[in-house]
1. Report, by residue number, each residue of segment 282-303 that is over 16 Å from TRP272 (Cβ atoms) and basic (Lys, Arg).
2. For LYS270, are the conditions met, namely being in contact (Cβ under 8 Å) with a residue 40 or more places away in the chain and either in a helix (DSSP H, G or I) or under 22 Å from SER45 (Cβ atoms) (or both)?
3. Return a yes/no flag: does segment 304-311 have any residue that is within 28 Å of LYS185 (Cβ to Cβ), open to solvent by 60 Å² or more (accessible area, probe 1.4 Å), within 19 Å of the chain's Cα centre (by Cα) and modelled with pLDDT under 95.
4. Could you go through segment 287-302 and let me know if any residue there is farther than 27 Å from PHE50 by Cβ, outside any loop (DSSP other than H, G, I, E, B), of a type in the set (Phe, Trp, Tyr) and open to solvent by less than 70 Å² (accessible area, probe 1.4 Å).
5. Could you grab me the full set of residues in segment 215-231 that are surrounded by fewer than 18 Cβ atoms within 10 Å (Cβ to Cβ), touching a residue at least 40 places away in the same chain (Cβ under 8 Å) and not acidic (Asp, Glu)?
6. Kindly indicate whether ASP141 is open to solvent by 70 Å² or more (accessible area, probe 1.4 Å), under 18 Å from LYS100 (Cα atoms), in contact (Cβ under 8 Å) with a residue 60 or more places away in the chain and not aromatic (Phe, Trp, Tyr).
7. Could you tell me which residue of segment 190-214 is nearest to ALA139 (Cα to Cα), considering only residues that are open to solvent by less than 70 Å² (accessible area, probe 1.4 Å) and at pLDDT below 95?
8. If I filter segment 245-263 down to residues being part of a helix (DSSP H, G or I) and either of a type in the set (Ser, Thr, Tyr) or without any contact (Cβ under 8 Å) to a residue 12 or more places away in the chain (or both), which single residue comes out as most open to solvent (accessible area, probe 1.4 Å)?
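The values are calculated or read from the model by the stated rules, or taken from the named source; none is laboratory data. These figures come from a predicted structure and were not determined experimentally. Because the Cβ atoms are built from the backbone with ideal geometry, glycine has one as well, and the counts that use them run over all protein chains shown. The area values use the complete protein model at the heavy-atom level, side chains included, leaving out ligands, DNA and RNA. Shrake-Rupley method; radii C 1.70, N 1.55, O 1.52, S 1.80 Å.
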Amino acid sequence: MSYGKFLDESGDLNKWRKKNNLPDQHYEKTFADLRDIWIKDKRYSELIAFIHENWDSGQWDDFFEPLESHLLENNIKNEYKIFWKGLIRNRLMSLWDLLKHIDKDSILNVEPTTDIGLFKRLSKKLFTNNKLSPIEKIAIDKQRETLDGLESFLQGLKRLKEFDEISKIEKLIENVKNLEKPKPKPTSDKRVIDESVFWELIDNNRQKSEDKGDFLELLTSQLEEFKPTEIRRFEKIFQTKFQELNHWDLWALAYIVRRGCDDDAFDYFKAWVISKGKDAFEVIKELKVPDLKRFFDEDPQFEDILYLAENVYENKTGEIMSPIRVKRQSLIGEKWDEDKLCIKFPKLCELFDYKNNCH
């Protein structure tokens, strides 16, 4: 819910400025002002969730630096760790994905006896008159951004005296420097993943996690324990449930909650619904309005879980998962006009305080 709240309150802040005859300002300045208000009001979890969803790229470090400093200065350990783990998780996923598309061995063999980062290896390649590809240039920036984040996190952990976490981050720094993705767990869970086990995996890991990123990490770790054939079964069930959510009314719900929702965002919404567990899936699928609000405790978007099974399968087998075939379901229900959402879905608009175009 942090995404919708942040947009709403940014709009309210602009209205307040206009009412008080203050000059218009760029949205980035408004966002920064609201960030400071949320920090002052100790709305850390909401702000962290918003940052994880929308502001995790190197050029936005200035935006979240005041939050990081505040958490450190006030010894707010748990939120600090959640904040940085989410950022690092996103950067690592991007880096490992990029490495699939470059010849890592040729880069590492440039100077195999020296522990140097991707930037230096690729620079040496460039100096030997080998032209860098666009993807290699992007990989340089991503590795550097990931290492910068890890180093910042490490210094913060040392300041907070979180010694158990320090060794983990130091090991991860070495992995990133040497482009060594941590190896998956060996197969130890012999169960067949049917629908019951599927929901058990989702529900149990949701209950143990503090946020979506933590959930994804826990679920990935547990799914690695299954045979590749069962990882495919997990993906097939996921895709089947994903198709069951293709309904215009659910797209309206996503639009109202997020104050807008294009095609891709609706896909990420459906993925999020599945990630919330069996109870949430059934309530949201049937659009049981009285029971909806309790599940919307975070921004209802979860793109990364769409690739979870494929990534686990590839890491475990070294092969690309062949396409999973499920029965596709076209959008059902009645198409709506965004200008008339308040008329067609008055209860949903009231429940989620949707005021756009409502009179």
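1. Scanning segment 282-303 gives a single hit, LYS288.
2. Answer is no for this residue.
3. yes
4. No, segment 287-302 has no match at all.
5. LYS227, PRO228
6. Criteria met by ASP141.
7. This residue is GLY213.
8. Per the criteria, the residue is ASP263.
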